[in-house]
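> Below are the structure tokens for one structure; questions will follow.
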Amino acid sequence: MRQRSTSRAFYELISSMRFAISLLTILGIASIIGTVLKQNEPYNNYLNQFGPYWFPFFEELGLYAVYNSAWFLLILAFLVLSTTACIVRQTQPMLKDMRSFREHAKEASLAAFQHHERLHTALPTDNAAQKIQAYLAANGFQSRSGTREDGVLLAAKQGSWTRVGYFLAHSAIVLICIGGLLDGNLPLKMQMALGGKTTTSGNQLISDIKPESRLGLDNWSFRGNVFIPEGKSSNVAILNVKDGILLQDLPFTVSLRKFHLEHYSTGMPKRFASDILITDKASGKSVEKTIEVNKPFEFDGIMMYQASFEDGGSRLHLLGHDLRSGGKGPFQTDATVGEAIKLKQDGLDYTLELGSFRPFNIENMANEEPAAETSKMATLEKHLGSGARSVSKKDLRNVGPSFEYKLRDSAGQAREYQNYMLPIEQDGAWYMLAGMRDTPAAPFRFMRIPMDQDGKPDSWFTIRGMLLDKSRHAEIANRFVTTALGPDAGETVRERLRETTRKTLELFALGGFESLGKFIESTVPAAERDKAADVFVKILEGSTWEAWKLARSATGQPPLELDQKLGRLLRDSLNATSDSLHYGAPLYFQLASFEEVRATVLQVTRSPGKPVVYFGSLLLVLGVFAMLYIRERRLFVLIKHNGDALVALSANRKSMDVEETFQRHRKAIAALLDPATAPPAQS
Amino acid sequence: MDIAHSGTPSSPLRRVGLGDGLFALALVCAAGFALSQYGAFMDIYDKAILAAVVPSLAAIGWAWKPFRGFLVAAAALALLSITLYGGDLARAEQAFFLKYLISSQTAIMWMSALFFIATGAYWIGLIARSDFAEKTGSALTWSAVTMGTTGLLVRWYESYLIGTDVGHIPISNLYEVFVLFSLITGLLYLYYEGHYATRRMGAFVLLVISAAVAFLLWYTFSREAQEIQPLIPALQSYWMKVHVPANFIGYGAFALAAMIGVADLLVRKGILASRLPPAEVLDDVMYKAIAIGFAFFTIATILGALWAAEAWGTYWQWDPKETWAFIVWLNYAAWLHIRLTKGLRGPMLAWWAVIGLVVTAFAFVGVNMFLSGLHSYGSL
């Protein structure tokens, strides 16, 4: 008996409104957690974020996948339980209530209604009842009459369907939760727990993955990604589970014919599409199809979506420049994106890890003009007109392909590089941009290699080679002194300038402007440093010019006339040479040509819960509208033989229009019951 | 739907007059014109949506007569603007009417100004008990929604002038939906103003619209957000045309309910009580707004799920935007349970509606600002 009352109390509790509201609130708050903390990230990110102390603690709490955690599912389970209990508890009385007209209601209870009024009738009861029944029917009421000793009670109702709305909306919640559960990762968790499946690390060949990490064709609920390079095919999907992966065998093979990647002129992506060929393993039948974002395709009960794209192993033909003093001329090498090659030659020992390739880059090349003082009116006027106009000046240009790579030395240390294939115009001159960074978090610092009068970077390599080659310094200094001082200067002056020039070149070859700067700081008094720096720069520029002339005549090229353009080229060459001494590697790679290969990533899912969820959603909409917008009204008209009458109205909800409705019906009914005293009928 | 005036017996269809017939006819013609003119840019779903819009707008116009005039005016202005453009974007700078009145940006600026002035007028009306000021506020609000709707319609056209591959319905980013939000909140307010025959709530509701407009202006002048952007692949779908408006009926209604909640709380404290409608009326408006907001928010969330299934491959993945939509939904579900089942009334519900706006605002803007996810189409 006691047991029974306990379970009864439990049932009362979970089917109670208070419990339901509490659950909604708890669910809301719990949901917030997963929006604040990024979900399903690689575990390393969390480890970095929380440190080794908190990381396992939060993992235990399931914070990295809140919506799949046991406690969250438990809250949902309670919601389902509570809603179900609520439905069970309400259904019977509700159905009873829907069916009943309450045609035997007591006069006293009708008189207790908030909306009621006593009327008078001049007609015989039967006649009056007929008229009222006709009125009720015309106004959309279903009615039933209850004859009693002192007269007749007409009990009418409308809008009972609102009760069905309750039933629909609440069963919808249960359906949606169940459907969602089927599509969540609970089925996967169960297979892992009961079927002995374990995750494996992602860094291995698919053929090496053991059967315990493979899921068979009979798996009825999964979500995974298929990676296919152009011209290749795949028949497995990869499921990311916690910090590992599982393989899902597919009943078909997908081949990627071509991946389409289109962009707007602003560089924004416009279209991702995969031309695929699907071949069913069992029947051998194949289908050609193009899958796009927003245009998925279903095959064998498996939905395929365009999820993302990657480089599928583009081939880059590179020209390597040895930046060491006295290094040999450029050498050719081929590399594939995503792969590493060893560079072991002429005493070099590096690994080139080609990370990524971008076939184009859209950049805003507009110079940021200093904003002129504009009046408020002018600012407003700028923002009038069409929405197509850009207020800020933009000059979007495709600056061509770029690629990123890492150079790892024999000690395992690596730096990242980003180079552009084509020269880029900056401040009126053209440069090859070569970016470098020491850590992935840092921005790339760019070395600007100037393009010579022939539009090539070759002159820079020549000049650089001369400037950094110590064996040429004496000769360069000699020539500079001759040019600078003319034939008449005395030998002492010549010797001093020659010495200074040699020293300058030596310092510059050591560490560029940085070494020179340090030298000036340590030897020249603060007041004269600017002047000294000026002198050094002049010497360097002059020497560079001499070095270049020397190199040109050595290779039999015609002499050049020094003009403004060449002057700038000299200064740029000096800057780039100085920067190249901090480039971190003795190698610079130029992209000569490429063959781009793209790969598509398709998401494949089998989600058995989807129809259930969709059906539940439909019920939810119908239910919500029925509950909120079908108004239940019960109208009672009691007509007594003695000429007394009573009209009463009840509604399932209190709202302002109930009174309005009551007044409308009351007036109409009063007029019907007592035509003589009624105001003239409205037209 | 509860859009029929009470006070007359029988179905709303009986009250359909000649004007309603003409209105419906005009809608059919407009849809036909749109199909013949722009049908090439629509797929079958777009066409179905266009077809469904006709009876929906007709029903709203029949149940709420002033809506007809508004829609006709906005459509006429938009058509005039399109005619003046004549397929050349540069005309926006040359034609006087375009530059200073009905090009999209100018129209939206007018909308902003009109909403601000309307707010002032409503407040003067409330404080000075001036009927005239309130009527002015009403007229200004009608003008504001007309200009705003014109602005969006013209913006739609302008986007196609940039390029047929760029063209899209202007409800695709934070800037555009802020205009939409102001419009829908304004229209919902005007409906209740007519339905309850009181202009006293305008002062409060227009405050939230003004706040949205202030944000819009900041977004325009300091972030240049008004520039039409093409659509990324995930957004290129007919689903946008139904998901976004449904969502903003929800947001607009919740915002309106919160402002009515503020008025309700003041009245209950005796502040402005003699000027504002009685708490009973405010309570009723608050309920009606939350009910319609909840119904449409439910539809919007479901439509969003259906779209997500197509675009992202799963109907629900607890993306921050999805999760916050869920939280908003839970919040108002609880509100409705308390009121409808428990029959609770009074300050607690008003407070709840006000706090509801904070939750809604976070779901609307906060998620884009503070959280990252798939659904970040407008950043600040």
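> How many residues are under 24 Å from B:F362 (Cβ atoms) and either in contact with a Cys (Cβ under 6 Å, 6 or more places away or on another chain) or within 14 Å of chain B (Cβ to nearest Cβ) (or both) when one looks only at region A:33-61?
9
> With the requirement that a residue be more than 7 Å from every other protein chain (Cβ to nearest Cβ) and charged (D, E, K, R), what does region B:315-342 give you?
Passing the criteria: B:D319, B:K321, B:E322, B:R339.
> Restricting region A:468-501 to residues that are among the acidic types (D, E) and either surrounded by 15 or more Cβ atoms within 10 Å (Cβ to Cβ) or part of a helix (DSSP H, G or I) (or both), which is nearest to the chain's Cα centre (by Cα)? Before you say what the answer is, go through the steps one by one.
Taking region A:468-501 as the starting set, the residues that turn out to be among the acidic types (D, E) are A:469, A:475, A:488, A:491, A:495, A:499.
This time we only want the ones that are either surrounded by 15 or more Cβ atoms within 10 Å (Cβ to Cβ) or part of a helix (DSSP H, G or I) (or both), so: A:469, A:475, A:491, A:495, A:499.
Details: A:D469: 51, A:E475: 60, A:E491: 72, A:E495: 67, A:E499: 62 Å.
Looking at the filtered set, the residue picked out is A:D469.
> Considering only region A:321-371, state which residues are under 21 Å from A:I449 (Cα atoms) and exposed (fewer than 12 other Cβ atoms within 10 Å of the Cβ).
Within region A:321-371, A:G326, A:K328, A:G329, A:Q332, A:N367 meet the criteria.
> Same structure again: Which one of A:Q682, A:Q590 is at pLDDT 90 or above and either more than 30 Å from B:F297 (Cβ to Cβ) or within 11 Å of chain B (Cβ to nearest Cβ) (or both)? I'd like the intermediate steps shown before the answer.
Details: A:Q682 fails: at pLDDT 90 or above.
Result: A:Q590 is the single residue among A:Q682, A:Q590 that is at pLDDT 90 or above and either more than 30 Å from B:F297 (Cβ to Cβ) or within 11 Å of chain B (Cβ to nearest Cβ) (or both).
> Still on this structure, I have one more. Tell me, yes or no, whether region B:52-62 has at least one residue that is within 14 Å of another protein chain (Cβ to nearest Cβ) and surrounded by fewer than 19 Cβ atoms within 10 Å (Cβ to Cβ). Can you show your working first?
First, pick out the residues of region B:52-62 that are within 14 Å of another protein chain (Cβ to nearest Cβ): B:59.
Subset that is surrounded by fewer than 19 Cβ atoms within 10 Å (Cβ to Cβ): B:59.
Scanning region B:52-62 turns up at least one residue that is within 14 Å of another protein chain (Cβ to nearest Cβ) and surrounded by fewer than 19 Cβ atoms within 10 Å (Cβ to Cβ).
> Of the residues B:F370, B:F294, only one is of a type in the set (F, W, Y) and either out of contact with any Leu (no Cβ under 8 Å at 6 or more places or on another chain) or more than 9 Å from chain A (Cβ to nearest Cβ) (or both); which? Lay out the reasoning, then the answer.
Details: B:F294 fails: either out of contact with any Leu (no Cβ under 8 Å at 6 or more places or on another chain) or more than 9 Å from chain A (Cβ to nearest Cβ) (or both).
Sole residue among the options that is of a type in the set (F, W, Y) and either out of contact with any Leu (no Cβ under 8 Å at 6 or more places or on another chain) or more than 9 Å from chain A (Cβ to nearest Cβ) (or both): B:F370.
> Still on this structure, please answer the following. How do the strands (runs of 3 or more DSSP E) wholly within region A:393-441 filter down when requiring 2 or more residues that are in contact with a Gly (Cβ under 9 Å, 6 or more places away or on another chain) and over 24 Å from A:M268 (Cα atoms): which remain? It would help to see each step written out before you state the result.
Details: elements: A:396-398, A:402-409, A:414-420, A:424-426, A:429-437.
Answer list for region A:393-441: A:402-409, A:414-420, A:429-437.
Residue by residue, here is whether (1) in a strand (DSSP E or B); (2) within 14 Å of chain B (Cβ to nearest Cβ); (3) farther than 30 Å from A:N235 by Cα; (4) among the hydrophobic types (A, V, I, L, M, F, W, C) holds:
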site: A:S283; (1), (2), (3), (4): no, no, no, no
site: A:K289; (1), (2), (3), (4): yes, no, no, no
site: A:L319; (1), (2), (3), (4): yes, no, yes, yes
site: A:I341; (1), (2), (3), (4): yes, no, no, yes
site: A:K344; (1), (2), (3), (4): yes, no, yes, no
site: A:L352; (1), (2), (3), (4): yes, no, yes, yes
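> As an exercise: evaluate B:L80 against (1) within 9 Å of chain A (Cβ to nearest Cβ); (2) touching a helix residue (DSSP H, G or I) at 6+ places or on another chain (Cβ under 7 Å); (3) surrounded by fewer than 17 Cβ atoms within 10 Å (Cβ to Cβ) and give the number of the one condition it does not meet.
Evaluating B:L80 over (1) within 9 Å of chain A (Cβ to nearest Cβ); (2) touching a helix residue (DSSP H, G or I) at 6+ places or on another chain (Cβ under 7 Å); (3) surrounded by fewer than 17 Cβ atoms within 10 Å (Cβ to Cβ) leaves (1) as the failure.
> Scan region B:271-294 and tell me whether some residue there is closer than 22 Å to A:C177 by Cβ and modelled with pLDDT of 95 or more. Break it down into steps so the answer makes sense when it comes.
The first filter runs over region B:271-294 and keeps only residues closer than 22 Å to A:C177 by Cβ, leaving B:294.
From what is left, the residues that are modelled with pLDDT of 95 or more are B:294.
Yes, region B:271-294 has at least one match.
> Looking only at region A:398-415, decide whether some residue is of a type in the set (D, E) and at pLDDT 85 or above. Steps first, please.
If we filter region A:398-415 for residues that are of a type in the set (D, E), which is where we start, we get A:404, A:409.
With at pLDDT 85 or above added as a condition, the list becomes A:404, A:409.
So far as region A:398-415 goes, yes, one or more of its residues are of a type in the set (D, E) and at pLDDT 85 or above.
> Any idea which residue in region B:101-151 is nearest to A:K382 (Cα to Cα), counting only those that are in contact (Cβ under 8 Å) with a residue 12 or more places away in the chain and not in a helix (DSSP H, G or I)?
Once the filter is applied, the top-ranked residue is B:S103.
> Of the residues in region A:220-279, how many are free of Cβ contacts under 8 Å to residues at least 40 places away in the same chain, over 24 Å from A:T336 (Cβ atoms) and within 14 Å of chain B (Cβ to nearest Cβ)?
Looking only at that region, the number is 7.
> Another question, then. Within the group B:A203, B:A225, B:A257, B:A212, which residue is crowded, with 19+ Cβ neighbours inside 10 Å, under 21 Å from B:L357 (Cβ atoms) and within 14 Å of another protein chain (Cβ to nearest Cβ)?
Exactly one of B:A203, B:A225, B:A257, B:A212 is crowded, with 19+ Cβ neighbours inside 10 Å, under 21 Å from B:L357 (Cβ atoms) and within 14 Å of another protein chain (Cβ to nearest Cβ), namely B:A257.
> Sort through A:L168, A:L123 and tell me the only one that's part of a loop (DSSP other than H, G, I, E, B), closer than 25 Å to A:R633 by Cβ and either outside the structural domain of A:S69 (by TED's automatic domain parsing) or of a type in the set (A, V, I, L, M) (or both).
Details: A:L168 fails: part of a loop (DSSP other than H, G, I, E, B).
From the options A:L168, A:L123, the qualifying one is A:L123.
> Restricted to region B:343-362, and to residues that are without any contact (Cβ under 8 Å) to a residue 40 or more places away in the chain and either facing chain A (nearest Cβ under 10 Å) or in a loop (DSSP other than H, G, I, E, B) (or both), which residue is nearest to A:L628 (Cα to Cα)?
Per the stated criteria, the residue is B:G343.
> Taking region A:606-649, which residues are in a loop (DSSP other than H, G, I, E, B) and not polar (S, T, N, Q)? So that I can check it myself, show each step before the final result.
Taking region A:606-649 first, the residues in a loop (DSSP other than H, G, I, E, B) are A:607-609, A:630-632, A:641-643.
A:P608, A:G609, A:I630, A:R631, A:E632, A:H641, A:G643, listed by residue number.
> Another one. Being among the hydroxyl-bearing types (S, T, Y) and at pLDDT 95 or above is true for just one of B:T314, B:T323, B:T341, B:T301. Which residue is that? Talk me through it step by step, then tell me what you get.
Numbers: B:T314 fails: at pLDDT 95 or above; B:T323 fails: at pLDDT 95 or above; B:T341 fails: at pLDDT 95 or above.
It is B:T301.
> Among the listed residues A:F331, A:F357, which satisfies the condition of being within 27 Å of the chain's Cα centre (by Cα), outside the structural domain of A:R271 (by TED's automatic domain parsing) and more than 18 Å from A:V604 (Cβ to Cβ)?
Sole residue among the options that is within 27 Å of the chain's Cα centre (by Cα), outside the structural domain of A:R271 (by TED's automatic domain parsing) and more than 18 Å from A:V604 (Cβ to Cβ): A:F357.
> OK, next. Mind checking which pairs have a first residue in region A:637-656 that is within 14 Å of chain B (Cβ to nearest Cβ) and within 24 Å of A:D97 (Cα to Cα) and a second that is among the acidic types (D, E) and surrounded by fewer than 19 Cβ atoms within 10 Å (Cβ to Cβ), Cβ under 6 Å, 6 or more apart or different chains?
A:N652/A:E632
> Being surrounded by fewer than 18 Cβ atoms within 10 Å (Cβ to Cβ), within 14 Å of chain B (Cβ to nearest Cβ) and part of a helix (DSSP H, G or I) is the requirement here; does A:A134 meet it?
Working: surrounded by fewer than 18 Cβ atoms within 10 Å (Cβ to Cβ): yes; within 14 Å of chain B (Cβ to nearest Cβ): yes; part of a helix (DSSP H, G or I): yes.
Criteria met by A:A134.
> Going by the conditions given, is A:V621 among the β-branched types (V, I, T) and out of contact with any helix residue (DSSP H, G or I) (no Cβ under 9 Å at 6 or more places or on another chain)?
Details: among the β-branched types (V, I, T): yes; out of contact with any helix residue (DSSP H, G or I) (no Cβ under 9 Å at 6 or more places or on another chain): no.
So A:V621 does not fit the description; no.
> In addition: Hey, does region A:629-650 have a residue that's at pLDDT 90 or above, under 52 Å from the mean Cα position of the chain (by Cα) and among the hydrophobic types (A, V, I, L, M, F, W, C)?
yes
> Considering every residue within region A:577-585, establish whether at least one is within 14 Å of chain B (Cβ to nearest Cβ) and touching a residue at least 40 places away in the same chain (Cβ under 8 Å). Reasoning before the result, please.
First, the residues of region A:577-585 that are within 14 Å of chain B (Cβ to nearest Cβ): none.
Looking through region A:577-585, none of the residues is within 14 Å of chain B (Cβ to nearest Cβ) and touching a residue at least 40 places away in the same chain (Cβ under 8 Å).
To keep it simple, each residue is scored yes or no on (1) at pLDDT below 95; (2) small (G, A, S); (3) over 26 Å from A:L205 (Cβ atoms); (4) loosely packed, with under 15 Cβ neighbours inside 10 Å.
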residue: A:G244; (1), (2), (3), (4): yes, yes, no, yes
residue: A:L247; (1), (2), (3), (4): yes, no, no, no
residue: A:Y264; (1), (2), (3), (4): yes, no, yes, no
residue: A:M268; (1), (2), (3), (4): yes, no, yes, yes
residue: A:S274; (1), (2), (3), (4): no, yes, no, no
residue: A:S283; (1), (2), (3), (4): yes, yes, yes, yes
residue: A:V293; (1), (2), (3), (4): yes, no, yes, no
residue: A:F309; (1), (2), (3), (4): yes, no, no, no
residue: A:G312; (1), (2), (3), (4): yes, yes, no, no
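> Looking at region A:300-317, which of its residues are away from chain B (no Cβ under 14 Å) and in a strand (DSSP E or B)?
Going residue by residue through region A:300-317, those that are away from chain B (no Cβ under 14 Å) are A:300-301, A:310-317.
If the condition is that a residue be away from chain B (no Cβ under 14 Å) and in a strand (DSSP E or B), then A:E310, A:D311, A:R315, A:L316, A:H317 are the ones that fit.
The values are calculated or read from the model by the stated rules, or taken from the named source; none is laboratory data. No experiment lies behind these values; they were computed from the predicted model shown. Reconstructed Cβ throughout: ideal geometry from the backbone, glycine too, with neighbour counts over all protein chains shown.
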